[in-house]
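The values are calculated or read from the model by the stated rules, or taken from the named source; none is laboratory data. In this text the structure is predicted, and so the values were computed from the model without any measurement. Cβ atoms come from the backbone with ideal geometry, glycine included; neighbour counts cover every protein chain shown.
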Amino acid sequence: MEIFQWGTDPWGQEMLVRISWDLLYLAFWAGVAFIAFHIIYAVVWLPRLARANGAGAESGAAANVPARITRHTAAARYFHWVMAASMIALLITGFFPIVGIQFPWLTIHWVAGVLLTVSIVYHMVHATFFLDFWSIWILPSDLAEAWNRIRRQAGQQTAPIRKHGKYPLDHKLYHLAVTLAGLAVIGTGLVLMLRIDSIFWPRNAYFLADETWGLMYVIHGLGGVLFVTLTLTHVYFAIRPDKFWLTKSMILGYVDRDRYLEHHDPDRWVVSQESNKG
Amino acid sequence: MAVIRDMMPAFQLFQPTTTDEALGLLDQYQEQAWVLAGGLDSFDWLKDRVKRPAAVVDLGGVEELSAIRSATGGGLTIGAMAKLREVVRHPDVRSQYGLLAEAAGLVASPQIRNQGTLGGNLAQDTRCWYYRDGWNCYRAGGTICYADTPTAMNREHCILGASRCVAVNPSDTAPALVALDAEMDIRSSAGTRSVPAEQFFLGPDVDIMRMTVLEPNDLLAAIRVPGTWAGARFYFEKSRDRQVWDFALASVASAARITNGVIEDIRIAVNGVAPTPLRLRAAEDAVRGRQLTDEVAAQAGEAATAGVRPLAHNGYKVALLRNLVTRSVRGGEA
Amino acid sequence: MADYKLIGKNYSTADLVAKVTGRAKYAEDFRADGMLFAKLLPSPMPHARVRSIDTSAAEAMPGVEVILTADELPPVDAPNEAGLTNEPVYEGEPILAVAAVDETTAADAIERIRVELEPLPFAVDPLESLRPGGPDARLDGNTMANSELTTIKWNDVDWAAIDRGEMPTDGPITDEWEVGDVEAGLAEADLVLDETVFHQSMGHQPLETRTAMAYWQNGKCYLYVSTQSTLRTHGPAARGIGIAPEDLVLVSEYCGGGFGSKIAGFVQMRLPALLSQKAGKPVMMRITRQEEHFIGRARPGLQGRVKIGYRSDGRITAMDMFFVQDGGPYGFSTDFMNAADQASLMYQPLSHRLRGLSVYTNTPPRSAQRAPGGLQAVSMIAPIMQKAANQLGIDPLELIRINAPAGQAKLGRPTNGEQGNVSSAFVREAADIGESTFDWQAMRARSGRRNGSKVTGIGVALSSFNAGAWGMDGLLTIRPDGKVYIHQGVGNLGTGSVFDTARAAMEALQTDWDQAEVIWGDTSKHLPWSTVQAGSTTTHAHTRANLAAGEDAKRKLLEIAAGALGGSPDDYDVADGRVFRRDYPRQGLGFAQAARRAIELGGRFDGHELPGDLNPVTVTAATALAGLGLMGVARDNYPLGGRVISHAIGFAEVEVDLETGAVVLKDYRVSTDVGTVINPRTLEAQLHGGAIQGFSAALGQKWTYDRRWGLQVSKRFYSNRPPTMLDVPHEEPMQWVAQDKPDPFSPMGAKGIGETAEGAGSGAVLCAIADALGEGYFNRTPVMTDMILTRIENLPPAFSNLAAHV
């Protein structure tokens, strides 16, 4: 397996062209492997854990909790789906031709890329100023807690495990991965648009040095194939029956009180009758 | 490692005598196989060591691929391995499809027409001088079009339909066959499929590394020219810098039915201006059903150049395209 | 004209049958036992330094015998080239050579060699290098002044003007001369045309690439090489290999064209000899078309400004020329100087100035190419002449006549304030005979004729170029078999002159051609001192030298006859293979008898005593031949009236399609002042062949560089477009007419023509295009479809008028 594709410049000097498309297949199969692993984990391991922990819905300080708790505002949901649509479009236009399904992909690809960029910029502004900014980022306490969970799952005695805040660590991890990969593909993608004719500027393949361009293609490619894995696993979780209430929340915007109480610590994700705005 | 050109390396040469045998070899070697027809395109690549196939399948001995037959119910079927000279000289081509005879007669030089085949002329690779010289461009699997950079020399490149790559299709017979509404019979071990001439050619927007829909295990077996345009009023013109042995800067082919001075129907195709031979529907629509006058012809020319995007060195091709299309509607001697 | 027996008559040259039957052996047709094949490793960069070479993988291949690097070559002084280099200065320059059992193995071996290169600054366009802070093509400078490498930058010129395509004339230069007062001449002119001009660089592209094969036997090197000259290649080849001339046998019986790129062979011809020495086996180095394209030399392009002042009667009062020459990476070409010399002759300006310099670029090495500078002068100035003719209301042919040189006209760079002169010029006569033979007025009447979108253009141009040399030696022996063996040191370039000039000796002997044997093409066959087979010198120089040898033989025949048969030598004459009594022709000796008698007499008769003024090379050759028969041997001591220059006037008719920009050359005719016509057939071949090369310059041949990389993208014939058969007028045969007026200062009055012929073709076609477009002057060659359409459609030009290599 190759990691990079090398070529030569017109002077015969070796230069980095892009990632090897072997990585695309690797990313795909990595996603599939993760899903397979998780299915086994969910089928074999989780019930055992559940039995061991005697899991069940805890009753408690739920008096103040409304029947429907807003998890994603309309604005946040629109963003998510616009982003998802453009990402799917980007993945299809970016990778289908490589695997042999050919069509005129470039214009759709860059238009979708611009759309993704706009939606991400919107999201950054929105999340920074209008949402609970820190709720999605991994904090030191998340890591300590995760360590406890792992130890407990391995059968060790730990302090009692608290329920999650608004976003559990796995969501935060996913968000982090998407953020990094997304910024990588967007940043490089915008620069790469200088290589094609667009309505914005005359193309100029000599705008950057060849080695810089090579790096751009590599980062764009790495981000792209990472999204293959991320998208596969994301879709997998979204359609898992036990996670479907979360998917539903991204469609309808709210979670039911029972789910809220079952998965979240009201102290950590504080909701009130009025706090339906999320 | 050092690069050396103009010296053919060793390869395995296969000389099948039947199409099935040839297809078997293509199946066996897949991407490693190279189909050799007349060799005028192939030997450049091989001699320059830019393309390095493991196995060359020479179709020269496959006689069934070179026949020219009149089809029942009108039309002609021309084997892909028919020599251009034979196409030019064939009495039915001359009498009924003079457009093709003329186009094939303007390919390269007499020596090349003696050796070159119709199929080879259609399936040949582009002549972009950066790509032919082995520069690692999009078409060669890279990430750049050297012919469209601030220093690029692109006098002979495209003004329409570019997508990253700005190379043009160099075939002279292609626009004639698009105008004649020909069909390409493509054979593989899975069977025969038929593709209209217009769809036979692939632009870089779809596949930047191929010129046609031919897959590695496909053979272009025959070109079927339907009777539809037999005996129509034809026009072919090739603009070039030399009087012989030159690729078209632009070429135009048209077939028209004109009754009482009215253009009943017309098909116009051009080449040398886009990555594929281009049928000019807008130009056809501009004149179809109208009285043939110089003004109407000029409108076709104007319609042909809608959406052009000339490069630094080929602005002249816009005027050339406009005038050639105008002339092709106007008719007369090229 | 004198009544000649052989001169001026058509005949078939001795090499004709071998050529048309394919039996002629060109350099690559030779084989030797155990012969290896060589391949060269070309530089992929326009300018680089070799950091390291790793040949281990190549050497490990079966069949790879030896590798030769630049370090193993005898050194040369900058700015000259060695044939292999560790600092390539142009794309395609050979870095090393490999010899292997066959070419495929050698090429495969090249691919396995790893050469680490450090890219260095490069310049493709001379003006790029003159720009302040611009790159230099060589590490030791960008030009040569007073034979020293130096760097010149144009810090204080108007670069915005250059970018607009106008050449300023105030940049520093290295070369300048003036005759009369040009500023005053321009001031007194009624019409001044002031034009920026551009002439492209062009590869020589001979049909036969520069191939060489060598082997060693008993310490002697045998070199079979494609070269224009034979004798004059011998010395340079020996020096290149690093051996004494007597240790080299050079064979070159046929040459498939050189056009100035193989005058004394070529620098890489040493490589097979050195590889062979190292390998102990014969080595053949066949050069491919693409290699030829790079190492095969090119004509320097010129970027310049020409100002010409005319009086209202058409007389040129002043001509001011300013040139930047594209010098390539090596050596020094004098094209821009020649351009001024020839212009000073053709147009006889009352005052004249040349200013210019040659700038090194990282493009293929330059050398003389057919009419070096002469072609450029005509291509650039003929359209200006036509423009002036139009503005002054004078017939362009008449304008040529008004300014034409006559008699021993002056020309060129003055020495001590005085210009030199030519031996003869019959330009007005050539104009007259052309005008009447070709019905010039009827041609002119067709100017502007419309045929649909096509319009007819008519052009006429005068061309001059060097056409002679002198002081060479003639050497022949009349042997006891009755035959006359004429030894020729010039090469067999394909012009026929190696045979044509031998006929001068037979003319002196008034003997049939079938009694002659021409010995040529092999330095072991005792060849006399000769000119280079170049510069259109052979016909002039060797009709003289062979006539001298023929007359010497004749004198000896007369003496032998008088001695044998009585009376005085004056009582005898020579003709038809005999020496005989004038008053009693039946009494005499046949050549066979005379040859035996000469051997008996010995001394000067059979070459045992030689004239004292012979070149040492001839002395060696004659000494080896002494005793074989009656020897005719002499130096050309005939008088000389000045530089020998021939003239041609081309008449062209083109049709330009205003809708497609297509140019079709319909007709070309040429009249010439070439002195005595030696062989009408070869004259026609030169007049037309030269013109076709001129059509090439005017209509299509050029190369194209991508400046980002300094690499050429037009390496194939179909992309650099030399003309084809069908680009030559073929509906009617091209006509020609020669005045056949002998040069009064040469005994036979013959002049060369090969180079003169080219400018006439180029200039006439360029004028015809301008005429068709109605004042459509480009001042730039070649004129191609894109330029014509851009002009007609009034589009913004794709490149500046001064841009090189686009």
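Some notes on this structure:
- Considering segment C:117-126, and only residues there that are more than 11 Å from chain B (Cβ to nearest Cβ) and in a strand (DSSP E or B), the residue that is surrounded by the fewest Cβ atoms within 10 Å (Cβ to Cβ) turns out to be C:118.
- Just one of the listed residues (B:58, B:92) is of a type in the set (Asp, Glu), closer than 27 Å to residue B:235 by Cβ, in contact (Cβ under 8 Å) with a residue 12 or more places away in the chain and surrounded by fewer than 23 Cβ atoms within 10 Å (Cβ to Cβ), and it is B:92.
- Note on segment B:1-35: among residues that are of a type in the set (Val, Ile, Thr) and exposed (fewer than 14 other Cβ atoms within 10 Å of the Cβ), the one that is farthest from the other protein chains (Cβ to nearest Cβ) is B:18.
- Residues of segment C:739-750 include none that is surrounded by fewer than 23 Cβ atoms within 10 Å (Cβ to Cβ), out of contact with any Pro (no Cβ under 9 Å at 6 or more places or on another chain) and within 14 Å of chain B (Cβ to nearest Cβ).
- Number of residues in segment C:606-622 that are surrounded by 15 or more Cβ atoms within 10 Å (Cβ to Cβ) and either under 18 Å from residue C:545 (Cα atoms) or within 35 Å of the chain's Cα centre (by Cα) (or both) equals 11.
- For segment B:69-82, a residue qualifies if it is surrounded by fewer than 20 Cβ atoms within 10 Å (Cβ to Cβ) and not polar (S, T, N, Q), and the qualifying residues are B:69, B:71, B:73, B:74.
- Strands (runs of 3 or more DSSP E) completely within segment C:240-335 that count 3 or more residues being in contact with a Ser or Thr (Cβ under 6 Å, 6 or more places away or on another chain) and of a type outside the set (S, T, N, Q): C:316-326
- Within segment A:199-236, restricting attention to residues that are within 11 Å of chain B (Cβ to nearest Cβ) and in a loop (DSSP other than H, G, I, E, B), the residue that is surrounded by the fewest Cβ atoms within 10 Å (Cβ to Cβ) is A:202.
- Members of segment C:127-150 found to be hydroxyl-bearing (Ser, Thr, Tyr) and exposed (fewer than 15 other Cβ atoms within 10 Å of the Cβ), listed by number: C:147, C:150
- Of the set (1) β-branched (Val, Ile, Thr); (2) more than 20 Å from residue C:117 (Cβ to Cβ); (3) within 14 Å of chain A (Cβ to nearest Cβ), all apply to residue C:50 but (2).
- Strands (runs of 3 or more DSSP E) lying entirely in segment C:589-699 (those with 3 or more residues that are within 14 Å of another protein chain (Cβ to nearest Cβ)): C:645-657, C:663-673
- Residues in segment C:762-806 that are more than 9 Å from chain B (Cβ to nearest Cβ), small (Gly, Ala, Ser) and in a loop (DSSP other than H, G, I, E, B): C:774, C:776, C:800, C:803, C:804.
- Across segment B:123-143, a minimum of one residue is classified as in a helix (DSSP H, G or I), over 20 Å from residue B:182 (Cβ atoms) and basic (Lys, Arg).
- Some residue of segment B:80-103 being farther than 30 Å from residue C:111 by Cβ, of a type outside the set (S, T, N, Q), touching an Asp or Glu at 6+ places or on another chain (Cβ under 6 Å) and in a helix (DSSP H, G or I): yes
- Filter result for residue B:252 (at pLDDT 95 or above, surrounded by fewer than 23 Cβ atoms within 10 Å (Cβ to Cβ) and touching a strand residue (DSSP E or B) at 6+ places or on another chain (Cβ under 7 Å)): no
- Matching option when the condition is at pLDDT 95 or above and surrounded by fewer than 21 Cβ atoms within 10 Å (Cβ to Cβ), among C:685, C:648, C:691, C:662: C:685
- Selected residue (criterion: farthest from the other protein chains (Cβ to nearest Cβ)) from residues of segment B:106-134 that are out of contact with any Leu (no Cβ under 8 Å at 6 or more places or on another chain) and either under 20 Å from residue B:236 (Cβ atoms) or hydrophobic (A, V, I, L, M, F, W, C) (or both): B:106
- Among residues of segment C:284-333 being within 14 Å of another protein chain (Cβ to nearest Cβ) and either over 30 Å from residue B:49 (Cβ atoms) or among the charged types (D, E, K, R) (or both), the one that is surrounded by the fewest Cβ atoms within 10 Å (Cβ to Cβ) is C:289.
- Residue in segment C:334-358 that is farthest from residue C:154 (Cα to Cα), counting only those that are surrounded by fewer than 24 Cβ atoms within 10 Å (Cβ to Cβ) and among the polar types (S, T, N, Q): C:348
- Test: residue B:331 is at the interface with another protein chain (Cβ under 10 Å from one of its Cβ atoms) and not aromatic (Phe, Trp, Tyr): no
To keep it simple, each residue is scored yes or no on (1) surrounded by 19 or more Cβ atoms within 10 Å (Cβ to Cβ); (2) of a type in the set (A, V, I, L, M, F, W, C); (3) out of contact with any Pro (no Cβ under 6 Å at 6 or more places or on another chain).
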{"site": "B:153", "(1), (2), (3)": "yes, yes, yes"}
{"site": "B:160", "(1), (2), (3)": "yes, yes, yes"}
{"site": "B:163", "(1), (2), (3)": "yes, no, no"}
{"site": "B:170", "(1), (2), (3)": "yes, no, yes"}
{"site": "B:200", "(1), (2), (3)": "yes, yes, yes"}
{"site": "B:210", "(1), (2), (3)": "no, no, yes"}
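- Any hit, segment B:285-302, residues being within 11 Å of another protein chain (Cβ to nearest Cβ), surrounded by 21 or more Cβ atoms within 10 Å (Cβ to Cβ) and either touching a helix residue (DSSP H, G or I) at 6+ places or on another chain (Cβ under 6 Å) or of a type in the set (Gly, Ala, Ser) (or both): yes
- Yes/no for residue B:306 being surrounded by fewer than 18 Cβ atoms within 10 Å (Cβ to Cβ), touching a residue at least 24 places away in the same chain (Cβ under 8 Å), more than 10 Å from every other protein chain (Cβ to nearest Cβ) and assigned to a loop (DSSP other than H, G, I, E, B): yes
- Selection of segment C:711-738 for residues being more than 19 Å from residue C:681 (Cβ to Cβ), among the β-branched types (Val, Ile, Thr) and either surrounded by fewer than 24 Cβ atoms within 10 Å (Cβ to Cβ) or not assigned by TED's automatic domain parsing to the domain that holds residue C:672 (or both) yields only C:724.
- Scanning segment C:369-403 for residues that are part of a loop (DSSP other than H, G, I, E, B), buried (at least 24 other Cβ atoms within 10 Å of the Cβ) and of a type in the set (A, V, I, L, M, F, W, C) yields one hit, C:371.
- Residue B:221 meets all of the listed conditions (1) assigned to a strand (DSSP E or B); (2) out of contact with any strand residue (DSSP E or B) (no Cβ under 9 Å at 6 or more places or on another chain) but one, namely (2).
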